[in-house]
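The values are calculated or read from the model by the stated rules, or taken from the named source; none is laboratory data. Remember, predicted model here, so these are calculated numbers, not experimental data. Glycine gets a Cβ as well: all are built from the backbone with ideal geometry, and neighbour counts include every protein chain shown.
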Amino acid sequence: MPKTPLSASVPAAKTDEPSAVPMLDLARQYKAIASEVTAAIEAVCASQQYVMGQAVIDFEKAAAAYLGCKETMGCASGTDAIWLALAACGVGPGDEVITTPFSFFATASAITRLGARPVFVDVDPATLNISAPAIESHIRNAPSARLKAILPVHLYGQCANMDELQQLATEHKLKIVEDAAQAFGATWRGAQAGSMGHASAFSFYPTKNLSCYGDGGLVSTNAPEIADHVRRLRNHGSKRRYYHEEIGWNSRLDSIQASVLQVKLKYIDEWNEKRAKRASAYDLLLKSAGLLAAKSATQPAPVTQLRRLPQAKHIYHQYVLRVERRDALRDFLLQRKIGSEVYYPVPLHQQQCFSYLGYSLGSLPESERAAEDVLALPMYPELTAPEQASVVNSIADFFS
Ligand SMILES: Cc1ncc(COP(=O)(O)O)c(C=O)c1O
């Protein structure tokens, strides 16, 4: 609690509230598992097998068992995982891949790195995941023999509608590559995110719900030929040392990261459950603060929640709201030392580097609207009840 108000227009938080609520505090998780991870890292150092090695093989096996997939292949990052998955699914120069414009940059850049073209299709405004009806109308209005795949993102930890996407993919003979970077442990009708597409990509970047201590990624698949191809591509296109069947890259997972992931994998269900509990707590707090209800028929509610689909187990990688006067609210929270984030302020079709694709302003209106009003609140398993109360009280103060 600051001794003096931070600004004349920002009244200080109530005295019993925490003095700051960080957007993410990984130190709390580290404190809980420090002895286990440091022992795992030391074991790798003792083995002197730093790249690939037994720790990677063990983690790949454990991840495959968790995901219910035949194969998983560690790699250097989530970005590389998307790139490897698409390449192994046969996407190449001149091909087209349908994806969402409302995602992290890597979703689209991985497509372009293969010489292929991202085709952006708008999101469902209720979930902010890619809209299957929008994909269908795109295919109907602009059929293309170059279209090879659909790349859905399970945004914020909730699966895109896989029933509809799988139906479209079968009908139009397209591959599905899931970008499951934000969804380790999420499910759709009980099937794990990353187990439903032809191949899928995960990121273990430190802010992810399953994360390592640097960069790391994973490709999962049920197709042995895709698995073989990814294994080759991540290692210079080579199965046998110094013999190269094709041009690949160096995109391997290192053993230290794999050993950290192996420790953390044991806790992922517990951590995801805690995230879901924190999400329910936010729901309740927002409701009791009256923030979700419209004050009058002419005045919209200041805060709108995203829709959760009954088929999906959401793991709340992020807890995201759509809010009125988003940027002013964010500044207000910042002055109260409360973290928040905007995922994402610029939809991909409006990024300067993708101007050559020719999308004009207004062409994907739902994504453009979402970029103006989404706000992610602090969300991690170790977040406390007083911290959550402080976040919601501050939002209520802003709108009062
Ligand atoms: C949806 C999505 N796709 C891809 C990535 C890229 O992952 P990485 O940062 O591990 O390359 C991220 C994470 O940043 C992401 O959130």
Scanning the range 253-299 residue by residue, the ones that are crowded, with 16+ Cβ neighbours inside 10 Å and within 19 Å of A43 (Cβ to Cβ) total 14
Can you tell me which residue is farthest from the ligand (Cβ to nearest atom) among those in the range 74-115 that are farther than 30 Å from D58 by Cα and of a type in the set (F, W, Y)? F102
Being within 16 Å of the ligand (Cβ to nearest atom) and either closer than 17 Å to T99 by Cβ or β-branched (V, I, T) (or both) is the filter here, so list the residues in the range 197-234 that pass it. G197, A199, S200, A201, F202, S203, T207, V219, V230
When you scan the range 305-318, how many residues do you find that are free of Cβ contacts under 8 Å to residues at least 40 places away in the same chain and either assigned to a strand (DSSP E or B) or crowded, with 18+ Cβ neighbours inside 10 Å (or both)? 1
Filter the range 132-153 down to the residues that are within 21 Å of R369 (Cβ to Cβ) and crowded, with 24+ Cβ neighbours inside 10 Å, then identify the one that is farthest from the ligand (Cβ to nearest atom). I135
Check Y344 against each of (1) over 18 Å from S131 (Cα atoms); (2) within 24 Å of the chain's Cα centre (by Cα); (3) not in a helix (DSSP H, G or I) and name the one condition it does not meet. (1)
Quick one: which of M23, M1, M73 is surrounded by 15 or more Cβ atoms within 10 Å (Cβ to Cβ) and either modelled with pLDDT under 95 or assigned to a loop (DSSP other than H, G, I, E, B) (or both)? M23
Please enumerate the residues belonging to the range 167-186 that are in contact with a Pro (Cβ under 8 Å, 6 or more places away or on another chain) and away from the ligand (no atom under 11 Å from the Cβ). I176
Would you mind telling me which numbered condition in (1) within 15 Å of the ligand (Cβ to nearest atom); (2) among the hydroxyl-bearing types (S, T, Y); (3) more than 23 Å from L210 (Cβ to Cβ) T127 fails? (3)
Complete set of residues in the range 196-216 that are among the aliphatic types (A, V, I, L, M) and in a loop (DSSP other than H, G, I, E, B): M196, L210
Given the condition within 15 Å of the chain's Cα centre (by Cα) and in contact (Cβ under 8 Å) with a residue 24 or more places away in the chain, answer yes or no: does some residue in the range 85-96 qualify? no
Every listed condition ((1) out of contact with any Phe, Trp or Tyr (no Cβ under 9 Å at 6 or more places or on another chain); (2) more than 15 Å from L261 (Cα to Cα)) holds for Y205 save (2)
